[in-house]
1. Only residues in region B:427-446 that are over 14 Å from B:Tyr117 (Cβ atoms) count as the first member; pair them with residues that are small (Gly, Ala, Ser), Cβ under 7 angstrom, at least 6 apart or cross-chain, and list the lot.
2. Identify, from the list A:Arg255, A:Arg294, the residue that is within 14 Å of chain B (Cβ to nearest Cβ) and open to solvent by 20 Å² or more (accessible area, probe 1.4 Å).
3. Taking only region B:211-234 into account, find how many residues are within 21 Å of B:Thr137 (Cβ to Cβ) and either free of Cβ contacts under 8 Å to residues at least 40 places away in the same chain or among the polar types (S, T, N, Q) (or both).
4. Note down all Cβ pairs under 6 Å where the first residue falls in region B:126-142 and is part of a loop (DSSP other than H, G, I, E, B), the second is of a type in the set (S, T, N, Q), and they're at least six residues apart or on different chains.
5. In this structure, is B:Leu354 on the phi < 0 side of the Ramachandran plot, in contact with a helix residue (DSSP H, G or I) (Cβ under 6 Å, 6 or more places away or on another chain) and open to solvent by less than 20 Å² (accessible area, probe 1.4 Å)?
6. Quick test of your reading of the structure: A:Tyr203 fulfils all but one of (1) surrounded by 22 or more Cβ atoms within 10 Å (Cβ to Cβ); (2) more than 14 Å from every other protein chain (Cβ to nearest Cβ); (3) away from the ligand (no atom under 16 Å from the Cβ); (4) not small (Gly, Ala, Ser). Name the failing condition by number.
7. Taking the conditions exactly as written (within 14 Å of chain A (Cβ to nearest Cβ) and acidic (Asp, Glu)), does B:Asp409 satisfy them or not?
8. Quick test for you: out of A:Ser64, A:Ser42, A:Ser47, A:Ser52, pick the one residue that is among the hydroxyl-bearing types (Ser, Thr, Tyr) and under 10 Å from the mean Cα position of the chain (by Cα).
Amino acid sequence: MKQLLAAAVAALALAAAPAHAALKVLACEPEWGALAQELGGSLVDVSVATTSLQDPHQIQARPSLIARTRNADLVVCTGAELEAGWLPVLLQQSGNDRVQPGRAGNFAAADYVRKLEIPASLDRSQGDVHAAGNPHIQTDPRNIAAVATALATRLQQVDTAHAAQYGERAAAFQQKWQQAIARWNAQAVPLRGLPVASQHKGYVYLYDWLGMKEVVVLEPKPGVEPSAAHLQGVLAALKATPARMVLYSAYQDPRPSEWLGKNAGIPVVKIPFTVGGSDAAKDLFGLFDDTLARLLAAAGGK
Amino acid sequence: MESTWRRAGLVLCLAAGSAAAQPAPDTQSLRRELDAMRAEYEQRIRALEERLRAAEQAAQSQQAPAQSQQAAPGAVVVPAVPAAVAVPAVPAPSPTPTARASPPPLLEASLILSGQYTHTSRDPADYRIRGFPLPPTAEIGPGTRGFSLAESELGLTANIDPWFRGFAAIAFTPDNQVSVEEAYVQTTSLGQGLTLKAGRFFSSVGYLNAQHAHTWDFVDAPLAYQAMLGRQFGDDGVQLAWLAPTDQFFEIRAELGRGRSFPGTDTNRNGAGMAAVSAHSGGDIGDSHSWRAGLSFLRARADNQDLAAFDSVGNPITNAFTGNTRVWVADAVWKWAPNGNPSRQNFKLQAEYLYSTRDGSVVVDTTGLASPGNFRASQSGWYLQGLYQFMPRWRVGLRTERLNPGVPDYGANAGLVGLDSGNPTKQTLMLDWSPSEFSRWRLQAAQDRARPGDPDWQWTVQYQMSLGAHGAHSY
Ligand SMILES: [Zn+2]
């Protein structure tokens, strides 16, 4: 009888041992999933709501995502209205108080970086503009560093029992990351001042970092697919101000960029845009290694 | 801050109050209130911007070291790790928002503008769904012919405090009425997957019922909804939702309400006139497929509910029903999008089956014979619809539906009431074009065989535009 009781108590203790359970992190985009993994290691159990082949503006609040939000200890998203069409539904229907806006379990990466393209006036006639500025902050590794600092602090706050480990992991990551940035900066010298065309206004932070110049955007308005007539106009504009390459993201329809590349005679560069967007972009380091390799190949080919 | 809230409250009271008693409020005064609120926000945002510009400059100077690395390529500079990271158990981080990265406005307003042109081959005034005795006021059929303002809707939502969120949807109908479609408060802090809602809301039974009309894929509600749920069942009451802590989506919602609308009736009674429970499950199959399916049950009580009927020789009469209605709803939706990216192409298949029983007594011909007797009816109906976005911005949809009125049992009054024969059916084809996620134009053609006799050919051109806050849509 005593043995049975002891066994039952042991089983109960095992079942109710959240102290040893990994912190459940739900990342809205793959880059933040990868960052949470770097900072949390085995302390975190990371799940990512979207893939590199999905348009983060256009996700549906699917039942599977609601279920994952329900169980998350920490939700890590870009913010800056990128997920305005779906994240509020996930949060409202989750019944999870820990991850509501304003709570420690709700983390918006864009709150911790200097944002670009903040519209002077907000008018939908300009397309789907984001009042909070351009939300595609993950294409600049300096932003990743700033977010890493804030996210590590937040992990420490949500999972105080492992605060020291998060601190150590974050310090190690920052050291590796700053070395990588220095390497990328050196590699990217040939890209400085290069005029380029983009399919979506998704690379303003990349250009800001590398000193590239966006001379034209294929989408007539952010989020609006370019028509044939509009592409003709873009082609005409390139006659006056030529671009050296045209960039599009892995999740996008490559046809507008390919059409322009063929007709303007410039290389077409598929940017992984996030972790998983190419075979080489397996993690954050691979993401920037591969992005730079693709840009340099296109720049060198001319 | 306080005055903002007073204004927000005023807007709500204005709308709610006038819907209850006063004549329709002029929308201009609502707009004036909103404009005043906006002006106030803009002032505050400008003040914030001033303060944050300083912070931004500080942030820029922090980035200077990173920039200087560019000047010296190859040099490996390892900056000191920020102290906040190295020191465990730090206090809450203070976000460093920049410029307009201010929090969203305290009250988010959205306005749905919708209008339509309808052409029907038969007169909508004598529309009915054969075999389904409904209240004379029932919202059925294609509405009015010609040009009309379709339902336009003002939506207001905000977090109230750390514990509650509020939402109100105020509908402006074509005939200058204002009605409160939904107005509820909802908890945000119960945790454990629990959410409690109180106020007026659309019931969670089925799939389409809880969704606002402007998010539907067709102009009108399916016949089964019109005949068995009063188009869309909403009530005043409470709802408790619980989401299971499993990887598979599993949710239960239970509701209690006064039963103020069909199939119930508003009465002077303590307790609940309506009870409903719904269970839904769902998930993904690979990256490209997702689904949700559920079963719901609704019970509502009616007292002296007027139902339009006709006598054995075909003259219109009014019967009064007192008793219980039970509605079972089975719903399923399956969505496909290549790699889970619906922006270019996607497909949605959706079906619901409704089964309704009414059990109680009926007074036949209330203004004439007034003959009481027992009443019992079992009725059912279903619809199946597919929506295909074949290229960006363009969708085509097909809906097929059929009702089974059964044979109602009028007990002692059998013979006094005329019975319809045949099953109502309807086929609908829809094409819509959405220049952006905020605007949509739609063309719909339907062959409606709800009435006996010739089919009614219904043509509708509709627009739906969304102004204001970026609304998130449920699955
Ligand atoms: Zn964007």
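The values are calculated or read from the model by the stated rules, or taken from the named source; none is laboratory data. The structure displayed is predicted, hence computed values, not measured ones. Because the Cβ atoms are built from the backbone with ideal geometry, glycine has one as well, and the counts that use them run over all protein chains shown. Note: areas computed on protein heavy atoms with side chains; ligands, DNA, RNA excluded. Shrake-Rupley method; radii C 1.70, N 1.55, O 1.52, S 1.80 Å.
1. B:Gln427/B:Ala446; B:Thr428/B:Ala446; B:Leu429/B:Ala445; B:Met430/B:Gly397; B:Phe438/B:Ser466; B:Arg440/B:Ser434
2. Working: A:Arg294 fails: within 14 Å of chain B (Cβ to nearest Cβ).
The unique qualifying residue is A:Arg255.
3. Qualifying residue count, region B:211-234: 3.
4. Pairs found: B:Ile140/B:Gln226; B:Pro142/B:Thr118; B:Pro142/B:Thr120; B:Pro142/B:Gln458.
5. On the way: on the phi < 0 side of the Ramachandran plot: yes; in contact with a helix residue (DSSP H, G or I) (Cβ under 6 Å, 6 or more places away or on another chain): yes; open to solvent by less than 20 Å² (accessible area, probe 1.4 Å): yes.
For B:Leu354, the condition - on the phi < 0 side of the Ramachandran plot, in contact with a helix residue (DSSP H, G or I) (Cβ under 6 Å, 6 or more places away or on another chain) and open to solvent by less than 20 Å² (accessible area, probe 1.4 Å) - is met.
6. Answer for A:Tyr203: the failing condition is (3).
7. On the way: within 14 Å of chain A (Cβ to nearest Cβ): no; acidic (Asp, Glu): yes.
The answer is no for B:Asp409.
8. Numbers: A:Ser64 fails: under 10 Å from the mean Cα position of the chain (by Cα); A:Ser42 fails: under 10 Å from the mean Cα position of the chain (by Cα); A:Ser47 fails: under 10 Å from the mean Cα position of the chain (by Cα).
Sole residue among the options that is among the hydroxyl-bearing types (Ser, Thr, Tyr) and under 10 Å from the mean Cα position of the chain (by Cα): A:Ser52.
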